[in-house]
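The values are calculated or read from the model by the stated rules, or taken from the named source; none is laboratory data. The model shown is predicted, which means the values in this text are computed figures rather than measured ones. Neighbour counts are summed over all protein chains in view; Cβ atoms, including those assigned to glycine, are modelled from backbone coordinates with ideal geometry. Note: areas computed on protein heavy atoms with side chains; ligands, DNA, RNA excluded. Shrake-Rupley method; radii C 1.70, N 1.55, O 1.52, S 1.80 Å.
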Amino acid sequence: MNRQTTFGADDSISLIEHVVRCHEDRVGRTIVGISGIEASGKSTIADELADGISTSGHDVVTIRGDEFSTAKAIRNNNPDAVRGYLEDAYDYSNLSRRVLVPLRLAEVTGISYVSTDPETDEAVVSKSRVPDRAIVVVEGVLLFRGLMRDQFDLRIWVEASFDESLRRAKVRPRDVSYYGTAEAIASRYESRFHPAQRIHLRDDRPQLTSHLIVRSY
């Protein structure tokens, strides 16, 4: 998996087959990370991948990075909105401690964790049985920052331009529901999300260090 492979947005079958082959060459579970900038199409690709893995006869568990959002008071506390998003928006140490590390152990048969709903701040308890040969698909922004990157057996980067990200965000139901207008969405993305993700691209180079690239345009 050292050589990077690129797939087009309409080539989901080949992506599924590649992931399944990589899994079949391994022992135990395979942890797949899917990341990209906001509104790049990560969730759609994760869903298609999970459906295809299941259809191929393999067990699959999907985990959303949004489940590990921090409370609003934490992620909005930093007066530097860009750094606040980059450093405080997600508690991926919880993802690592409660999900990724335990699933490396064959004797672990399931996971349990408490997450925070990013819109309501309500605590949500999640429990899943995870078979010992399951493929675990983890999808979210900023997943490949720093040492988190090395916790995934297979890293998939969803490639999309910032212009395309903003175009999608303006009509994406969850952004429209949360921010209201296209102008408010553009303001949030251009002042907070995109600058933070440009830092991520510069410092962590996920588009260069991922095993697979999916061009979502």
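Antiparallel versus total DSSP beta bridges in region 58-217: what percent is that, nearest 5?
For region 58-217, the DSSP antiparallel bridge percentage is about 45.
Let me make sure I get this right: for region 162-213, a, b and c are the square roots of the gyration tensor eigenvalues over alpha carbons, sorted descending. Under 1.5 in a/c it's rounded, otherwise prolate if a/b > b/c, else oblate. Which is it?
Here region 162-213 falls in the prolate category.
Which lysines have a Cα lying under 18 Å from the Cα of K42, excluding residues fewer than 8 positions away in the same chain?
Output for K42: K170.
Two-decimal Rg/Rh of region 116-217 from alpha-carbon positions, Kirkwood Rh?
1.00
Please report how far the C-alpha centroid of region 196-216 lies from that of region 128-157, rounded to the nearest whole angstrom.
A separation of 15 Å, based on Cα centres.
Report, to one decimal in Å, the Kirkwood hydrodynamic radius for the chain based on all distinct Cα pairs.
17.8
Express the accessible area of region 36-169 per residue in Å², computed with a 1.4 Å probe while the remaining protein chains stay in the model. Please report the intermediate quantities before stating the final value.
Working: 6070 Å² over 134 residues.
Result: 45 Å² of accessible area for each residue.
Spin-label point model (7 Å from Cα, Cβ direction): what's the S96 to S187 distance in nm?
3.6
Relative to the Cα centre, what is the charge dipole magnitude of region 1-151, using +1 at the beta carbon of each Lys and Arg, -1 at the beta carbon of each Asp and Glu, and rounding to the nearest 20 debye?
Value, rounded to 20: 580 debye.
Round to a whole number: what % of the accessible area of the chain belongs to carbon and sulfur, probe 1.4 Å?
Carbon and sulfur: 48 percent of the exposed surface of the chain.
Grab the beta carbon distance between N76 and S161, set R0 = 30 Å, and tell me the FRET efficiency rounded to 0.05.
About 0.65, to the nearest 0.05.
Looking at region 26-150 only, what percent of DSSP beta bridges run antiparallel? Nearest 5 please.
Counting only bridges with both partners in region 26-150, antiparallel ones make up about 45 percent.
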